[in-house]
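Only one structure is covered here, and it is reproduced in the block below.
Just so it is clear, none of the values below were taken in a lab; they were calculated from the coordinates. Everything quoted here is computed from the prediction, not taken from an experiment. As a convention, Cβ positions derive from the backbone with ideal geometry for all residues, glycine included, and neighbour counts pool all protein chains shown.
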Amino acid sequence: MITGADDTIFALATAPGRAALAVVRITGPGAKEVLLNLTRSIPPPRYAAVRRLVEPVSRETLDQAMVLWMPGPASFTGEDVVELHLHGGAAVTSAVLETLAGLGLRPAGPGEFTRRAFEHGKLDLTEAEAVADLIDADSAAQRRQALRQLTGSTTAVVSGWRTRLIEALASLEAAIDFPDEELPTEVGARARRPLLALAEDLRAAAADLRGDRVRDGYRIALVGAPNAGKSSILNGLIGREAAIVTEVAGTTRDVVEQPLELSGYRVLLADTAGLRETGERIEAEGIRRARAWAEGADLRLWIVDRSDDGEAWRSALDVLRQGDLLVLNKADRPEGSALPAVMSAGDALEWEPVDASAIDPDGLTELKAALERRIIRDLGGGEPIAATRLRHRLLLAEAAEHVQRALADGLGDPELMAEDVRLAARSLEAMTGRVDTEAVLDAIFLEFCIGK
Ligand SMILES: Nc1nc2c(ncn2[C@@H]2O[C@H](COP(=O)(O)OP(=O)(O)OP(=O)(O)O)[C@@H](O)[C@H]2O)c(=O)[nH]1
Ligand SMILES: [Mg+2]
């Protein structure tokens, strides 16, 4: 999609609209001449200078601005870069942008600045992705993860694995080049041990969803029988009446998704339709959606009305999994006769049940604390995170598969083994963008906003 990687491009780098400042960025070989055209004098590199910006033909003053001149290669894109810090607002920015277009510059496409930084070796692909993640970050954990990745944490882990592959490759190639020194089976056997460990590490990293969850949000579903208090708990946790609450069983139909931040992590909380047998079409569709959302969630909160006497609570049993959390709601009311049976069903869930009362202002404190502990256990700590998106995990799985194949059919043949190890290294190289196709790059950089 991007044409002419050598032309000079410009974009408004700050959000459009009325503001104190608006920053316009220019990158490419013509950047210096453009600055000269607008200001008549170039400030020293990387020093802020105040200049009058003048339209070169009409000589009209466009703004009194702060300008920065950052010659390549020591710039974000690696090219000559100019930044114009204008007074914010529509009239000033549009006059300056029109003038730049009039000088023959091209408006930048999404992510084009970062793509140029990548193409000039300023960032690798995972670092470039981290720039987009940092801009999109809402929560503290998203910010921390993006910053770590931007400063090379993923790159470091991946290049460590790649080094291990290259070492294995070197010993295999030595055996191929000097076949008399050793029996091929011995070489193959010696390369096996490090490759076995590596296949295990790659598989674990490919299956590690923590990075994705930090980026996209940890998904928690509220499930249970009608009237258990799911919608009341959602509203209580987010502090807003987002879902309708009534005493009518079967109130909620649509899945009501609400973002929430817990212990600095982005969480997506979903209230769902109460589960029960029903002949009513709309409710049945709601229940189908409830089950589907619960199925894909990272955690299900099983909400039970502890004052119930009947068997309604059983309807949720088949959506629950071992790590799920039993929430005994309506703690402000007396125990019902169903409670002992509920508790014994809850024994299978591994986590202690939590008491809650959605109508009591402090009634959700214990639940909130339990959720925070749970998210920290699931997303914090452990091995450093290598993969933060599907693209990474697919490539890691691919690398693991090549290593596995090297182990499987390479038992007696160093040459076959070496070929598979080389393919594994290529998969890792694609992760950081050492090898890649245009199509992949286009897809990645199109996710960015313009001006970045
Ligand atoms: N006493 C008491 N009443 C509660 C509590 N939580 C919810 N309720 C009441 O229980 C009724 C049902 O609450 P909802 O939050 O609509 O229940 P729900 O699980 O979303 O129900 P459906 O949407 O029908 O599946 C309402 O009248 C609430 O006011 C609680 O902790 N204590
Ligand atoms: Mg509801």
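Brief remarks follow.
- Diffusion constant of the range 241-377 at 25 °C, which comes from Stokes-Einstein with the Kirkwood Cα-pair radius and 0.890 mPa s, µm²/s: 156 µm²/s
- Extending 7 Å from Cα along the Cβ direction at A91 and again at A197 yields two label points whose distance is 6.9 nm.
- A straight chain from E261 to V435 at 0.36 nm per residue would run longer than the Cα-Cα distance by 58.9 nm.
- In loop segments of the range 201-242 as defined by DSSP, the trypsin sites (Lys or Arg not before Pro) with at most 15 further C-beta atoms inside 10 Å of their C-beta are R240.
- Centroid-to-centroid separation of the range 8-43 and the range 340-409 [C-alpha atoms, Å]: 46 Å
- Simple Cβ-charge dipole of the range 301-452, Lys/Arg +1 and Asp/Glu -1, about Cα centre, in debye nearest 20: 420 debye
- Karplus-derived HN-Hα couplings along the range 235-244 (A = 6.51, B = -1.76, C = 1.60, θ = phi - 60°), whole Hz, x at Gly and Pro: 4, x, 6, 8, x, 7, 7, 6, 10, 6
- Ellipticity at 222 nm from helices only: DSSP H runs of n ≥ 4 in the chain, each -39500 (n - 2.57), divided by the residue count, give -14500 deg cm²/dmol.
- Low-density loop positions, GluC sites (Glu not before Pro), the range 221-300 - DSSP coil, at most 14 other Cβ in 10 Å: E241, E247, E277, E280
- The range 186-242 and the range 76-106 have Cα centres spaced 43 Å apart.
- In plain terms, the bigger the Kirkwood radius, the slower the diffusion; for the range 305-407, with that radius from Cα pairs, at 4 °C and 1.567 mPa s, Stokes-Einstein puts D at 77 µm²/s.
- Partners for K368 among lysines (Cα-Cα distance below 18 Å; same-chain residues under 8 apart left out): K230, K330
- Net charge dipole, the range 180-274: roughly 380 debye, given to the nearest 20, about the Cα centre with Cβ charges of +1 for Lys and Arg and -1 for Asp and Glu.
- Point-to-point label distance, D360-V248, nm (Cα→Cβ direction, 7 Å offset): 3.0 nm
- For a label point 7 Å along the Cα-to-beta-carbon line of D7, residues of the range 88-132 with backbone N under 13 Å: 101-109
- Rel. contact order, % - alpha carbon contacts under 8 angstrom, at least six apart, the range 214-379: 24 percent
- The distance between label points at D442 and L147 comes to 3.6 nm (points 7 Å beyond Cα on the Cα→Cβ vector).
- Take every Cα pair under 8 Å whose residues are at least 6 apart in sequence, average their separation, divide by the length of the chain, and the relative contact order is 17 percent.
- Computed extension length for R40-A348: 103.3 nm, one decimal, from 0.36 nm per residue of separation with the Cα-Cα distance subtracted.
- Set of lysines with alpha-carbon distance to K122 below 27 Å, sequence-local pairs under 8 removed: K32, K452
- For the chain, pairs of C-alpha atoms spaced more than 38 angstrom apart make up 48 percent of the total.
- A Förster distance of 41 Å, applied to the separation of the beta-carbon atoms of S337 and E383, puts the FRET efficiency at 0.30.
- Toward the positive end of the charge dipole of the chain, with +1 on the Cβ of Lys and Arg and -1 on the Cβ of Asp and Glu, the farthest Cα among L416, S75, N227 is that of S75.
- Size of charge dipole - the chain - debye, nearest 20, with Cβ of Lys, Arg +1 and Asp, Glu -1, no other charges: 1520 debye
- Note on the range 214-379: antiparallel DSSP beta bridges, both residues inside, total approximately 30 percent of the bridges counted.
- Per-selection Kirkwood Rh - the range 61-125 (Cα, Å, 1 d.p.): 13.2 Å
- Distance cut-off 18 Å, percentage of C-alpha pairs in the range 33-90 lying past it: 33 percent
- Contour minus Cα-Cα distance for I135 and H120 (0.36 nm per residue): 3.3 nm
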